[in-house]
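The values are calculated or read from the model by the stated rules, or taken from the named source; none is laboratory data. Since we're looking at a predicted model, the values are computed, not measured. Cβ placement follows ideal geometry from the backbone for every residue including glycine, while neighbour counts extend to all protein chains displayed. With ligands, DNA and RNA removed, areas are computed over all heavy atoms of the protein, side chains included. Shrake-Rupley method; radii C 1.70, N 1.55, O 1.52, S 1.80 Å.
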Amino acid sequence: MSNQITILCKRTVVSTKPVQPGKFHHLSALDQVMEPNRVRMVYYYKTPPGRAAGAVTNTLRESISEMLNGFPMVTGRLRKNDEGQWVIKCNDAGVRLVEARAKGSVEGWLRRTDREKELLLVHWEDMYYKPYFWSTFYVQLTEFEEGGLAIGLSCTHLLVDPPSAAMFIKAWADITLGGKMLTPPLFQPLPLPKPGNKNTNHRTYTALIDRYKTSIQNPIPAMAKQHATVTFGFTDEMVQSCIAMAKTVGAPDDSSLTPFEALAGLFWVCVGKIKGEGNGTLTNMSISLDMRETLGLEKGFFGNCMVRIP
């Protein structure tokens, strides 16, 4: 399968506006404990048939430079401070952009792909012995010869969680399609304890940080058998039907399902059926909760702010 994907080039893409000299981004305690991990995701898109090869890639290459103006920490590089902790030197070093071509169509790819094949769409390089020259973000644009596009994003978990990585892709789409970032990212420190807190034994958000450390020190045991990759396609009619069914079981209007909750429910049920767990028994899931609202942060907060519940 690897011979169906051809790497055309790898380049460094920088923002169109220089970053203020001497600018640093300091990582939170939640960021620091995620250092051993990385985030990988792939987005698939349909493109009009017959479009000239490279046309989509050229458009995205131009728009990403404009989008990176709003993400100075993404284009920066890692270095250690006096305490031995990582910080980001915002120095316009840019992100790595890989351009590739794939045989067939995106629909055909999704029908036969698996985990090993999908990783071919997400470029990644381990940290160099000189981390100051190592890019923390990698983007791979793969155009399919018979129509379709895959955008693979890989980055160190030290900088962002999955919602922030998705925010990065959305900002790119906003610039590409409308020329304007609709929801700019917010770079701010985690909140300090509230002034009214009289508990002298209070330790700021240690429970959340300890949860992170526990998940790293005690990872989920590797299964003996290989992971499987499955593609699901849920239509709008299926989602609306799921929402309507939830209302019929007595749920009040103010607690009815959102489209996202309906999709999550459909996904959960389908996974359970594939695993062969019938008789209405749902398969176990490991869920990560977004703690932005809990910590009083805006949804646009860019960084690490999730906790996993086994």
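Just so you know, in segment 24-81 the residues that are surrounded by 14 or more Cβ atoms within 10 Å (Cβ to Cβ), basic (Lys, Arg) and out of contact with any Lys or Arg (no Cβ under 7 Å at 6 or more places or on another chain) include one that is nearest to LYS117 (Cα to Cα), and it is ARG40. When the residues of segment 82-102 are narrowed to those that are in contact (Cβ under 8 Å) with a residue 24 or more places away in the chain and outside any strand (DSSP E or B), which ends up surrounded by the most Cβ atoms within 10 Å (Cβ to Cβ)? Among those residues, the one meeting the criterion is CYS90. Checked against (1) farther than 29 Å from ARG308 by Cα; (2) among the aliphatic types (A, V, I, L, M); (3) out of contact with any Cys (no Cβ under 8 Å at 6 or more places or on another chain), LEU27 passes all but condition (1).
This table checks each residue for (1) of a type in the set (Gly, Ala, Ser); (2) buried (at least 20 other Cβ atoms within 10 Å of the Cβ); (3) not in a strand (DSSP E or B).
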site: MET127; (1), (2), (3): no, no, yes
site: TYR132; (1), (2), (3): no, no, yes
site: SER135; (1), (2), (3): yes, yes, yes
site: VAL139; (1), (2), (3): no, yes, no
site: THR142; (1), (2), (3): no, yes, no
site: GLU146; (1), (2), (3): no, no, yes
site: ALA150; (1), (2), (3): yes, yes, no
site: VAL160; (1), (2), (3): no, yes, yes
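Return a yes/no flag: does segment 287-301 have any residue that is within 18 Å of the chain's Cα centre (by Cα), open to solvent by 80 Å² or more (accessible area, probe 1.4 Å) and modelled with pLDDT of 80 or more. Yes: one or more hits. In this structure, ARG111 does not qualify as touching an Asp or Glu at 6+ places or on another chain (Cβ under 7 Å), outside any loop (DSSP other than H, G, I, E, B) and of a type outside the set (A, V, I, L, M).
Going through (1) touching a Leu at 6+ places or on another chain (Cβ under 7 Å); (2) in a helix (DSSP H, G or I) one by one, ALA171 falls short only on (1).
With the requirement that a residue be open to solvent by 80 Å² or more (accessible area, probe 1.4 Å) and farther than 18 Å from TYR132 by Cα, what does segment 6-15 give you? Matches in segment 6-15: ILE7, LEU8, LYS10. Residue pairs whose Cβ atoms lie under 8 Å apart, separated by 6 or more positions or on different chains, with the first residue in segment 296-309 and under 16 Å from LEU158 (Cα atoms) and among the small types (Gly, Ala, Ser) and the second assigned to a loop (DSSP other than H, G, I, E, B) and open to solvent by 10 Å² or more (accessible area, probe 1.4 Å), are GLY303/LEU27; GLY303/SER28; GLY303/PHE187.
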